Amino acid sequence: MRPFLSSGPVAGRPDGDGVRPPPPSAPGSAMPFASPRPMAGPPVPGFRPSPVVGFTDQIRPGPPPSHAPPTSNNFQQFSAPQYSGPPTNPPIRTPPVGPPNMNMASPMPPNMPPPIQRPGVPAPTPPLTFRPNSQVPPQPYAQAPPQPFAQGPPQPYAQGPPQPYAQGPPQPFAQGPPQPFNQGPPQPFAQGPPQPYAQGPPQPYAQGPPQPYGQPAYAQSPSQPGMQGFVEDFSSLSLGAVPGSMDPGLDSKALPRPLEGDVEPTVFNDMTMNCSPKYMRLTTSAIPNSQSLASRWHLPLGAVVSPLAEASEGEEVPILNFGSAGIIRCRRCRTYINPYITFTDGGRKWRCNMCALLNDVPGDYVAPLDATGRRIDADQRPELIRGSIEFVAPTEYMVRAPMPPLYFFLIDVSVSAVRSGMLEVVAQTIKSCLDEIPGYPRTQIGFITFDSTIHFYNMKSTLTQPQMMVVSDVDDIFVPLPDDLLVNLSESRNVVESFLDSLPSMFQDTVNVESAFGPALKAAYMVMSQLGGKLLIFQNTLPSIGLGRLRLRGEDPRVYGTDKEASLRVPEDPFYKQMAAECTKYQIGINVYAFSDKYTDIASLGTLSKYTGGQVYYYPSFRSTIHADKLRHELARDLTRETAWEAVMRIRCGKGVKFNSYHGNFMLRSTDLIALPAVDCDKAFAMQLGLEETLLTTQTVYFQVALLYTASCGERRIRVHTAAAPVVSDLGEMYRRADTGAIVSVLSRLAIEKTLSSKLEDARSYLQMKIVKSLKEYRNLYAVQHRLAGRMIYPESLKYLPSYGLALSKSMPLRGGHADALLDERCAVGSTMMTLPVKSLLKFLYPSLIRVDEFLLKASSPDADLKNVEKRLPLTAESLDARGVFILDDGLRFVIWIGRMFPPELAASLNIDFASDLSQVNGSNNEMSRRLMGLLKKLRESDPAYYQFCHLVRQGEQPKEGFYVLSNLIEDQTAGTNGYVDWIAQIHRQVQQNA
Amino acid sequence: MHWDLILWLISLISNIVLLVLLIYQLICLSDLEADYMNPYETAANINSLILPEFGLQAAFCALFLVTGHFFMFLVTLPVAIYHARLFARGEHLVDVTEIFRALSVEKKHRLIKLGLYLLFFFLVIFRFPAGSISSLSIFSSKHGDLDIRSSFLEF
């Protein structure tokens, strides 16, 4: 590998090969420091490691830019140019300033090679030259050595730097060449901030080709109206030039559509030792270096973390046990050991990458360093090369013995629960899962059922039948036999099974319509408070007796549009918040399963999940004949997926940056400690960060997510994910490295939270304003040099932001007003969206629409076709064809849409029963039906977290179900909402105002 | 005459109590921020003090109305109305689940209230006593301030 991959020849240095970096051992070798090279002291703000991409703001008024960035910062090469390119003036530089070592702010004697390196590169592999920064003069000098500036393409952006390139001196260019970072080994910094000239052709798009910048990627979007003779750094859409005309003049085909679903950001992995984006995604993996820059980034600045995301095959997080030696952490900031720390002093000390404190390496962990400063045993130590790692925590990390997995069921047995068949399905499902519940043989289990009274079940292992105890005094609740209500599953297995067998029949003749939910919850809490665990609530009616009694609300359409509107979406009774807080305190996580066909006040019930790290499953109008599969799958998933118990999560980050708000289902236990009584792989949490200092002096910001939890096996573990992101001084760079998925995820959480305190309308306009402001700021970056009239410009990385924004404002929690969605559904979906990981959220917002009739009719081998079938279509009515069959898949449900002209006899052979609303497609024996089932199964496998319930819609019939499709065709103009084209036109108009 | 003095003492003492209650709440909030206290304790501590504070403040305000000190009544009225509003909306208690999100707002409100209570305090000390003391002296002058003064002089 060429060490200087980053600034290779492509990087605008035709003579690049002439300048070869010294052999890897160079760093230590005596550098001609004596040469009058300026050594910049502390890293100069004006000079930021920048990714090669982009070339925004440098101006070089004078001679045409022609200097090859001396990518190899060998000083020798400076004084005695070995460039094969045009002659270089020996740099005349002002007095040496200390070598900027990122780790050490203090200047070092110039002739002493700085100990090691940059935190980002603790262990470069041999071919990578490991080069201390300190040898590079980062300081801008007025008399830059005119180095041949080789790169060809005109640099249009050179003029008029719309934004100050860092806070550097006005003639940034002059200082020129030696931008140390681009020559680094392919490590984070190499792709740092904009190194305009260094890398010739702009590589504008953060999400461009996977190779960082090895190759020139020209950035025109396909829709770009015409090349203007140079490469543009942005994408654009041309809009009709007639302002105010009704026709936006926008070709709807050219609009960007996220048809590939979620694309994990590649820039995030620039930092090779970062954890996988599955676990953590930054909204932009470029941290602004100043508050003023951050304030120009109008989108959320933060991260979406999914600490337990399911690892793909072969990429499991390694589990390490340091035994009694303890886990190595920084003394001061408590950062865990990670790949970005650096070892010094012959391996006896290590420097924390977060706070730069020099720590001692424990005696038995010391290993010698090789010539590059890398530990010789690094390859054997996953904690030094992997971004995600799991430590087994010693006893210091426990406040009590690790708890056993505990599942407690609180089941409504009132008449509607029995009639709907919920009770039976639940009992069967629990029974069928008993073998797979994690944590054998320690698992504990218990049940309470309730209607207007509360029923406890003694399931002591010595009994043969469970003993039922009824407490009818719901005002003063007490727990009979507190010791035998929670039993060890493996010991009491028979009793539990016989209980589950008899449960449906026990209540089949009930006529009780009341629900003493609050008291029952309290009772469950009292039983569980010793241990904590997971509480699964099955609720079928509105709580009507005792504490936490709720009333019907939300029926009044007049409330919408007034200030009182938001109060419908928050819990009515403070009891729910208090219970949630108490449950979190005692490590009880609550999942709510709600089934009612009438209003059940999900807003209040959902609060229980919201603050305990749980989630809400909502099955409106549940009927076991129809929905049983969905409930079965989701309950089984809930019971059997790997769960982390009594967890706390904290995310640490480098100096100067601080996370200041968190969004998702959890409770904060201190300003930055997230309490999660039970958390699993399907949950994600979002957080926003802010700059604490007006100016960041570091060049990289590190993030470390640490989740301390008890695994089902009873081991206390710490899962640590580490990531790094460069600090940049250039707004364009932030846009280039933006991650639409993470941004949409954070924005949706913010918008949903906003609906809890203000009107839906406000939440939507908040969302729109965020998008408009960010695009306006982006436009300002380029407005000076480009003729932008009639064009809407946006960074390639955010090309889908408007479409997701539109989808979001049409999504269930935000859409319309009273009539557009049932209050319960709104709250339930809102609650779900607060927990969804990025990928699922994007799919939910912009569902995939695929055409399947050809696939169903063709008789070739099913597997080969599957790939062709999965071609997503734009979500507009034009994509639908009356002769076809389509499947709309939003991750939570399927809608099969059958066109009017689709031959009825074929439809019949699918064995679809249109009469029963949306019944299952029951697999009959014919080929088509089998294929359809196979396809659905395959689609379901792609996201096991939910069971996609299948709705069937025949075009023109069933207006209610037809709505499922229509409401998801988000690009169309439906009553009172914008279509995609109008939305874009509207955003464009707003962007142009005062622009 | 003594009534005025007693009134003055009562209002001074209740004002000091109000200040103490409020400052304690503020300390709880900053402890929470600094992670010396967990949200459960903080919320419990603060919430247990809120109703006493509201009640005392209402009494403080009513006391001036009853005794006819309309200026002081008007000055203390806005805070009483604010409290009544919070109470009526059920927003007076600190919400343990959202305490971190509400922290800065809660602190700001309490700091403003602290400023107002301090204002009351100075009013009580300077203005209000001016009335009562002058009424004291008027009273005495009616009955011969010379006597008193002379007795002072004599001693």
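Laboratory data are not the source of any read-out in this text; all were calculated from the coordinates shown. Being a predicted model, the structure only gives us computed values, none of them experimental. Here the Cβ is made from the backbone with ideal geometry for all residues, glycine too, and neighbour counts use every protein chain on show.
Points worth noting:
- Residues A:Val829, A:Val570, arranged from fewest to most other Cβ atoms within 10 angstrom of their Cβ, appear as A:Val570, A:Val829.
- Centroid-to-centroid separation of region A:935-959 and region B:39-58 [C-alpha atoms, Å]: 52
- Remark: C-alpha extents of region A:319-385 on the principal axes read 29, 26, 20 Å, sorted largest to smallest.
- Expressed per residue, the C-alpha convex hull volume of region A:359-452 stands at 207 Å³.
- Spin-label pair A:Glu491/B:Leu51, simplified geometry with 7 Å Cα→Cβ offset, distance in nm: 4.3
- Residue order, fewest to most surrounding Cβ atoms within 10 angstrom, among A:Ile987, A:Ile328: A:Ile328, A:Ile987
- Equivalent ellipsoid semi-axes, region B:1-87, via Cα gyration tensor eigenvalues times 5, rooted, Å: 30, 14, 9
- Taking the Cα centre of region A:319-385 as origin and assigning +1 to Lys and Arg Cβ atoms and -1 to Asp and Glu Cβ atoms, the resulting dipole is close to 340 debye.
- Order of A:Phe322, A:Phe894, A:Phe963, A:Phe507 - criterion: other Cβ atoms within 10 Å of each residue's Cβ, fewest first: A:Phe963, A:Phe322, A:Phe507, A:Phe894
- For A:Pro504, net neighbour charge (Lys/Arg +1, Asp/Glu -1) across residues whose Cβ lies under 14 Å away: -3
- Dipole moment magnitude, nearest 20 debye, region A:319-439 about Cα centre, only Lys, Arg, Asp, Glu C-beta charged: 540
- Label reach from A:Ser324 (point 7 Å along Cα→C-beta): in region A:396-413, amide nitrogens under 20 Å belong to A:396-398.
- You can think of it this way: the chain between A:Ser461 and A:Gln993 has 184.2 nm of extra reach, that is 0.36 nm per residue less the Cα-Cα gap.
- Cleavage-rule hits (GluC sites (Glu not before Pro)) in region A:690-779: DSSP loop, at most 12 neighbouring Cβ within 10 angstrom: A:Glu692
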